[in-house]
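These notes are about the structure you will find just below.
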Amino acid sequence: SMANAPEDDAPNRYSRTERTTYSRYSRDANSSGSSLPSNTLEKRIEELERELAKERQENARLMKMAQDKEELIGKLKEEIDLLNR
């Protein structure tokens, strides 16, 4: 679980950087008469961030399940070895 922590940080940093860049472009576009209001874009960004958070949570859950199964497989292999002796 600790090994996954840096991975989790990287997308968060990228997301913040992307958001800052996106906001800057959004402001520039609005000043030159963009057809999409910035609050519509901000709502969409928030919606996508919520979706991303849910997907990350599901990914963490699946990774934990896979790790638990790997541990069980290892224990069962050891038990099989003991029984074969």
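The values are calculated or read from the model by the stated rules, or taken from the named source; none is laboratory data. As the structure is a computational prediction, the values presented were derived from the model and not from experiment. FYI the Cβ positions are ideal-geometry reconstructions off the backbone, even for glycines, and counts take in every protein chain you see. Side chains included, ligands, DNA and RNA excluded: accessible areas come from the protein's heavy atoms. Shrake-Rupley method; radii C 1.70, N 1.55, O 1.52, S 1.80 Å.
Computed over protein heavy atoms with a 1.4 Å probe, the carbon and sulfur contribution to the accessible area of the stretch 38-84 reaches 56%. Using the Cβ-Cβ distance between GLU46 and ASP68 with R0 set to 25 Å, the FRET efficiency from 1/(1 + (r/R0)^6) comes to roughly 0.15. Rolling a 1.4 Å probe over the protein heavy atoms gives the stretch 38-84 an accessible area of 91 Å² per residue.
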